[in-house]
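The values are calculated or read from the model by the stated rules, or taken from the named source; none is laboratory data. The shown structure was predicted, so the numbers you read here are calculated from the model rather than taken from an experiment. Please note: Cβ atoms are built from the backbone with ideal geometry, for glycine as well, and neighbour counts cover all protein chains shown.
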Amino acid sequence: MARLSEGGYPLEGPPPDDPDILSFESVRARLRDYAPTLVINCAALTNVDYCAEHPEEAYRVNALGVQNIALVCAEIGATLCHISTNEVFDGLKGSPYWESDPTHPINPYGYSKWAAEAMIRDALPRHMIVRTSWLFAHDGVNFLHKIKAAALAGKPLSVVTDEIACPTYNEDFVEALVKLVQTERCGTYHLVNEGYASRYDFARCILDTYGMRDYPITPISLAQFKRPSTPPPFGVLRNLIGAHLGIVLRHWREAVEAFVEREKREDPHV
Ligand SMILES: NC(=O)c1ccc[n+]([C@@H]2O[C@H](COP(=O)([O-])OP(=O)(O)OC[C@H]3O[C@@H](n4cnc5c(N)ncnc54)[C@H](OP(=O)(O)O)[C@@H]3O)[C@@H](O)[C@H]2O)c1
């Protein structure tokens, strides 16, 4: 919110409560009352394994819920900025995906997010679809926290080497998102930290940066790591259009260093 305010998008009045996006009438009532010029939608079912086991629920929330928001934005003349995912791609291209590459989701989460993108494009021209991947943040639970916590607890770590994407620091993502919104250029974007990594590389970098260089990680393959969802093996996003507008995120390894430095500044015992 602070970044958006600094970027020229102040919240006027208290923020509205989050409506259940499954209810068109709730979304409509809330957005009509508030009358925003810009709506940024982050709401989604994001647990990919849960989505794999509950595909209809994933579709209802991630696609039909987003369609509700898009239709109301069209009604009230607001721009919709929607956060999407690298999982709209199958990960079989073998090189980084450009924003205009053909999509082909291979799991229910990816399918639901892909359907949302299509519904937004149908519902309103004033939209930004912003794909990202492997977000890590100071709050909440994410891969970075899980790897660090497992190592601190002395648990054995086995991490896959053949699932590859762009780890992305949420602070860098938000800064880039605000710059993108300020351009008022509608379209589809990839905002990720530069470079890419396997889950194994990412985990190794996390532990090394925390000073746990000797902590062992066993490399395994996706085939050995049974889970309900099938991730795109090479789901690497290339930020071509954002870069053309001057919006580039630093390399993911620098972002991990910045993340750990901040954690240590805020809690020297980390
Ligand atoms: N995390 C990543 O690595 C990543 C990567 C690519 C794209 N994305 C996208 O980025 C966005 C944010 O992800 P995140 O990791 O921050 O997710 P998150 O922490 O799981 O947050 C998702 C939010 O959506 C809300 N939500 C779920 N169902 C809802 C409903 N029916 N109505 C209203 N709100 C609902 C959840 O509320 P409750 O907490 O109350 O359930 C939660 O606050 C998502 O669209 C995700 O697809 C994330």
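Could you check the stretch 125-155 and list, in sequence order, the residues that are among the small types (Gly, Ala, Ser), over 19 Å from SER198 (Cα atoms) and more than 16 Å from the ligand (Cβ to nearest atom)? Explain how you work it out, then say what you get.
Just the residues of the stretch 125-155 that are among the small types (Gly, Ala, Ser), to begin with: 133, 137, 140, 149-151, 153-154.
This time we only want the ones that are over 19 Å from SER198 (Cα atoms), so: 140, 149, 153-154.
If the condition is that a residue be among the small types (Gly, Ala, Ser), over 19 Å from SER198 (Cα atoms) and more than 16 Å from the ligand (Cβ to nearest atom), then ALA149, ALA153, GLY154 are the ones that fit.
A Cβ distance below 8 Å, combined with a sequence gap of six or more or placement on separate chains, defines the contacts here; from the stretch 117-135, residues that are assigned to a strand (DSSP E or B) reach residues that are among the basic types (Lys, Arg) in the pairs HIS127/ARG121; MET128/ARG185; ILE129/ARG121. The requirement of being on the phi < 0 side of the Ramachandran plot, touching a helix residue (DSSP H, G or I) at 6+ places or on another chain (Cβ under 6 Å) and of a type in the set (Lys, Arg) is fulfilled nowhere in the stretch 60-71; no residue meets it.
To keep it simple, each residue is scored yes or no on (1) over 21 Å from the mean Cα position of the chain (by Cα); (2) outside any helix (DSSP H, G or I); (3) charged (D, E, K, R); (4) modelled with pLDDT under 95.
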position: ALA149; (1), (2), (3), (4): yes, no, no, no
position: GLY154; (1), (2), (3), (4): yes, yes, no, no
position: LEU180; (1), (2), (3), (4): no, no, no, no
position: ARG204; (1), (2), (3), (4): yes, no, yes, no
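In the stretch 156-165, the count of residues that are within 13 Å of the ligand (Cβ to nearest atom), buried (at least 20 other Cβ atoms within 10 Å of the Cβ), part of a strand (DSSP E or B) and under 15 Å from the mean Cα position of the chain (by Cα) is one or more.
Among the residues of the stretch 228-270, how many are modelled with pLDDT under 95 and either within 16 Å of the chain's Cα centre (by Cα) or assigned to a loop (DSSP other than H, G, I, E, B) (or both)?
Residues of the stretch 228-270 that are modelled with pLDDT under 95, as a first pass: 263-270.
Filter once more, so that each one left must be either within 16 Å of the chain's Cα centre (by Cα) or assigned to a loop (DSSP other than H, G, I, E, B) (or both): 267-270.
Looking only at that region, the number is 4.
Scanning the stretch 24-46 for residues that are within 15 Å of the ligand (Cβ to nearest atom) and touching a residue at least 40 places away in the same chain (Cβ under 8 Å) yields a count of 11. Among the residues making up the stretch 61-88, those that are more than 19 Å from the chain's Cα centre (by Cα) and either near the ligand (Cβ under 8 Å from one of its atoms) or part of a loop (DSSP other than H, G, I, E, B) (or both) are GLY77, ALA78.
Within the stretch 89-109, restricting attention to residues that are out of contact with any strand residue (DSSP E or B) (no Cβ under 7 Å at 6 or more places or on another chain) and outside any loop (DSSP other than H, G, I, E, B), the residue that is nearest to the ligand (Cβ to nearest atom) is TYR109. Among the residues of the stretch 209-227, the ones that are hydroxyl-bearing (Ser, Thr, Tyr), surrounded by 17 or more Cβ atoms within 10 Å (Cβ to Cβ) and under 27 Å from the mean Cα position of the chain (by Cα) come to 2 in all.
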